[in-house]
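See below for the structure under consideration.
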Amino acid sequence: MHTRASVPASPAARILWVSIALVGAFCLGVVALRRGEPINAIWLVAASMAVFVIGYRFYGRFIERSVLRLDPTRATPAMRHPDGLDYVPTDKWVVFGHHFAAIAGAGPLVGPVLAAQMGYLPGTLWILFGVVFAGAVQDFMILALSLRRDGRSLGHMLREELGHVPGLIAMFGVLVLMMIVLAVLALVVVKALTHSPWGTFTVAATIPIALLMGVFLRWLRPGRILEVSIIGLALLLAAIWFGRHVAGSAALAPLFDFDARALAWLLIAYGFCASVLPVWLLLAPRDYLSTFLKIGTIALLALAIFLAAPTLQMAAVTRFIDGTGPVFQGNLFPFLFITIACGAVSGWHSIIASGTTPKLLANEGEARMVGYGGMLMEAFVAIMALVAAASLHPGVYFAMNSPAALIGTTAEHAAQTISQWGFVVTPDQLTQTARDIGESSVLSRAGGAPTLAVGMARLLHEIVPGGGMMAFWYHYAILFEALFILTTVDAGTRVGRFMIQEIAGLIHQPLQHTESWTGNLLATAICVGLWGYFLYQGAVDPLGGINTLWPLFGIANQMLAAIALMLATVVVVKLKRERYVWVPGIPALWLVVCTLSAGYEKLAGPISFTAAGQKYAAAMAEGRLLAPAKNAAEMQRIVTNNYVDAALTGLFVLLVLAMAGFGVRTIARAWRINHPTTHEEPYMPLDATSGSAP
Amino acid sequence: MKRWLRSAWSRAVQTARLCCGVPDYDTYVRHLRDHHPDRPVPSYAAFFRERQEARYKGTGGRCC
């Protein structure tokens with residue numbers, strides 16, 4: 001055995017950890033127990049940091065030493081066969097930065113904002129406990145599993161450890177999940193840009209900017225990413241500044257003023273072009289810009305929260321925990337745990353943690369920092385998004401996130417409805433907020449991005465005051481989110497295209513060649529068609545789309561997390577470490593319960609897709625029209641969409657059940673065998689490798 | 001202090017490049033010299049192009 005001898009903690013270390021625990025417990029107490037008077041966000045931030053630090057030091061280390069038994073003397077894939085390209089022993093801080101940039105996306109910014117309708121407390125508690133006991137555990141364990149298996153992918157490990165069929169089922173689930181992810185993220189952009197000439201202009205401006213950067217990187221200054229990104233950033237800021245004049249001009253504004261349907265079509269066309277064109281021209285330069293802007297803006301948000309120290313205006317717990325909320329339907333259980341996926345636990349991370357990262361680590365001893373620590377960082381981003389949303393006036397929050405079907409389309413009507421819910425707000429407050437951010441209206445801008453942008457703009461405005469600056473910051477925040485969402489959409493469409501070409505190749509071999517234009521265009525069209533269908537459906541949805549599609553996305557993402565944690569559970573049993581089976585087993589079980597019960601509620605019962613479909617079908621049979629449908633054809637489309645969503649939910653439920661069945665079967669078999677049966681690569685000492693540590 | 005700043009900067013650059021899918025060029029060149037002295041060493045521009053293409057062929061790569 002090659003385990004490290006445990007060193008007893010020094011008295012100073014003990015005092016330090018006891019005081020961190022006390023401070024954390026006190027802050028958490030303030031957050032959870034103080035009622036009636038608003039509290040400062042700093043309490044929440046401090047409580048989270050204490051929980052993260054303690055989780056990392058104690059639970060993370062327990063998993064490292066007892067469950068995974070990571071061994072600093074054991075050679076990692078990067079040390080076993082370095083190739084200078086994919087397998088490169090890399091400094092741990094560099095790997096950490098890379099890993100965090102790959103896992104942090106729009107998810108942790110959107111989910112917590114939507115969940116704020118139940119108050120800030122339920123979301124905070126789920127993020128804190130979810131990340132320590134489920135999310136970070138998943139990322140860390142999958143990373144470690146892949147480290148011991150030559151950096152193999154999640155799909156490959158599932159096939160090896162659970163069997164060929166469950167591996168295929170899971171990969172099919174990943175493809176469907178990806179289509180839903182792309183649709184729902186694109187819908188966030190649509191919601192943010194609807195009738196916003198300023199926002200639409202700046203986002204459109206990123207296309208020529210990216211083309212320019214692409215040409216520059218290809219021919220003028222090959223490979224100078226930093227230089228070209230600085231130029232790109234300067235041009236972006238200029239575009240935001242000029243956007244104000246576009247929005248104010250009677251001639252230019254109508255050119256960039258679109259409704260949701262038109263924007264959906266534009267995004268579909270754009271996604272098709274971006275993934276068919278050579279990557280160096282459009283996709284890669286946008287990717288560079290969005291990566292740097294993402295990291296920079298997250299840092300800026302953290303700085304703004306610390307400096308502005310906002311008061312949380314939202315109540316700790318609102319009446320909407322009963323499931324009647326306007327932002328998303330359904331009770332706290334299971335829908336809170338579905339709505340906040342990324343930030344607490346995100347299945348998608350298991351793909352990243354078994355992708356590039358395990359091929360870069362130089363030592364197994366660094367896996368906790370990258371896997372567990374990286375996920376804690378993402379949870380911190382989620383907490384900041386929650387703070388930004390909860391520090392808004394609740395009336396403004398609900399006006400921005402409720403569908404028009406509930407609050408109407410005028411400030412007066414919206415203010416009246418929301419005040420009746422118990423969040424007193426005047427029409428003036430709503431129109432003033434719109435004026436502050438340079439938009440014509442803030443109503444029904446669901447999807448999280450605009451709410452976060454208003455919250456961020458307020459915080460930044462507090463630390464950098466100035467006339468009209470709030471509108472600048474708002475559009476900056478919108479641009480930043482739109483930019484990296486669109487990069488995800490482009491890159492995701494490309495990946496989806498390759499996956500579809502691979503499947504098509506099974507039927508007709510020549511379609512598999514990625515250089516073939518027929519195969520390329522056909523597979524891209526199928527891929528864009530798949531996510532485009534759901535995007536368009538969201539754009540015309542009576543409840544505003546996000547309300548419908550986000551639960552579908554959450555169920556799919558948590559389904560993948562459940563699969564990843566099942567894999568970890570299976571491996572723990574196969575290693576004959578059954579006494580620790582609860583570490584990945586309990587979060588896996590919890591996610592299975594959450595996805596199945598959310599799936600059930602979306603299939604049958606009052607808030608289900610089936611019920612919504614039946615309602616419209618019944619009205620159609622009587623010859624009535626229900627808003628927002630304006631004719632029989634639109635009624636028919638809403639019915640069809642709801643049945644498609646119900647079928648998809650059913651598919652996810654079956655997937656979870658099948659995977660749980662395979663998992664239990666494998667566990668039962670491994671339990672009876674009295675020796676380890678896992679597929680780990682044999683031990684190789686670090687000093688026997690040819691690789692050199694960074 | 002100066003040395004520390006220089007190494008911090010080079011790590012920041014390395015991280016930024018890696019986030020865009022471009023691994024360390026010097027490491028690759030060293031690897032080629034040590035293990036494959038028969039292979040030609042690509043220029044940074046050629047290396048960059050090859051990596052740029054490779055980044056968008058894999059699965060996933062980034063999160064939601």
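Would you confirm whether or not region A:89-106 contains a residue that is assigned to a helix (DSSP H, G or I), within 14 Å of chain B (Cβ to nearest Cβ) and over 20 Å from B:Cys19 (Cα atoms)?
There is no residue in region A:89-106 that is assigned to a helix (DSSP H, G or I), within 14 Å of chain B (Cβ to nearest Cβ) and over 20 Å from B:Cys19 (Cα atoms).
Out of (1) in contact with a Leu (Cβ under 7 Å, 6 or more places away or on another chain); (2) surrounded by fewer than 24 Cβ atoms within 10 Å (Cβ to Cβ), the odd one out for A:Ala362 is which?
All conditions pass for A:Ala362, except number (1).
Restricting region A:496-548 to residues that are in contact (Cβ under 8 Å) with a residue 24 or more places away in the chain and of a type in the set (Gly, Ala, Ser), which is farthest from A:Asn401 (Cα to Cα)?
Residue satisfying both the conditions and the ranking: A:Ala523.
Given the conditions (1) crowded, with 20+ Cβ neighbours inside 10 Å; (2) more than 24 Å from the chain's Cα centre (by Cα); (3) more than 14 Å from A:Pro358 (Cα to Cα); (4) modelled with pLDDT under 95, and given that A:Leu109 satisfies all but one, which numbered condition is not satisfied?
It is condition (2) that A:Leu109 fails.
If I filter region A:61-78 down to residues being away from chain B (no Cβ under 13 Å) and of a type in the set (A, V, I, L, M, F, W, C), which single residue comes out as surrounded by the fewest Cβ atoms within 10 Å (Cβ to Cβ)?
Within region A:61-78, the match that is surrounded by the fewest Cβ atoms within 10 Å (Cβ to Cβ) is A:Phe62.
Out of (1) more than 16 Å from A:Pro358 (Cβ to Cβ); (2) at pLDDT 95 or above, what's the single condition that is false for A:Ser19?
Unmet condition: (2).
Could you tell me which of the residues A:Ala491, A:Ala434 is within 14 Å of chain B (Cβ to nearest Cβ) and out of contact with any strand residue (DSSP E or B) (no Cβ under 7 Å at 6 or more places or on another chain)?
Just one listed residue meets the conditions, A:Ala491.
When you check A:Leu430 against the structure, is it part of a helix (DSSP H, G or I) and without any contact (Cβ under 8 Å) to a residue 40 or more places away in the chain, yes or no?
yes
Here are some conditions: (1) away from every other protein chain (no Cβ under 13 Å); (2) in a loop (DSSP other than H, G, I, E, B). A:Phe333 meets all but one. Which one does it not meet?
Result: A:Phe333 fails condition (2) only.
Being outside any helix (DSSP H, G or I) and closer than 25 Å to A:Pro450 by Cα is the filter here, so list the residues in region A:355-392 that pass it.
The answer is A:Ser391, A:Leu392.
Of these, A:Gly467, A:Gly438, which one is closer than 29 Å to A:Leu293 by Cα, over 30 Å from the mean Cα position of the chain (by Cα) and not in a helix (DSSP H, G or I)?
None of the others qualify; the one that does is A:Gly467.
Within the group A:Phe472, A:Phe498, which residue is within 14 Å of another protein chain (Cβ to nearest Cβ), assigned to a helix (DSSP H, G or I), within 26 Å of A:Thr206 (Cβ to Cβ) and of a type in the set (Phe, Trp, Tyr)?
On inspection, the qualifying residue turns out to be A:Phe498.
Residue by residue, here is whether (1) outside any helix (DSSP H, G or I); (2) facing chain A (nearest Cβ under 7 Å); (3) acidic (Asp, Glu) holds:
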| position | (1), (2), (3) |
| --- | --- |
| B:Ser7 | no, no, no |
| B:Ala12 | no, no, no |
| B:Ala16 | no, yes, no |
| B:Asp26 | no, no, yes |
| B:Leu32 | no, yes, no |
| B:Asp38 | yes, no, yes |
| B:Phe47 | no, no, no |
| B:Arg51 | no, no, no |
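If you go through region A:652-671 one residue at a time, do you hit one that is farther than 30 Å from A:Cys594 by Cα and either modelled with pLDDT under 95 or outside any loop (DSSP other than H, G, I, E, B) (or both)?
No, region A:652-671 contains no residue that is farther than 30 Å from A:Cys594 by Cα and either modelled with pLDDT under 95 or outside any loop (DSSP other than H, G, I, E, B) (or both).
Those residues that are farther than 23 Å from A:Ala568 by Cβ and either of a type in the set (D, E, K, R) or not in a loop (DSSP other than H, G, I, E, B) (or both), I need them from region A:68-86; list them, please.
Passing the criteria: A:Met79, A:Asp83, A:Asp86.
Pull out all pairs, ordered by first then second residue, where Cβ-Cβ is under 9 Å, the residues are six or more apart or on different chains, the first lies in region A:34-53 and is surrounded by fewer than 20 Cβ atoms within 10 Å (Cβ to Cβ), and the second is modelled with pLDDT under 90 and not in a helix (DSSP H, G or I).
Correct list of pairs: A:Trp43/A:Arg34.
The rows are residues; the columns are (1) modelled with pLDDT under 90; (2) in a loop (DSSP other than H, G, I, E, B); (3) within 27 Å of A:Arg152 (Cα to Cα).
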residue	(1), (2), (3)
A:Ala619	no, no, no
A:Ala629	yes, yes, no
A:Ala633	yes, no, no
A:Thr677	no, yes, yes
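The values are calculated or read from the model by the stated rules, or taken from the named source; none is laboratory data. Fair warning: this is a prediction, and the values are worked out from it, not measured in the lab. Every residue, glycine among them, receives a Cβ derived from its backbone with ideal geometry; neighbour counts consider all protein chains shown.
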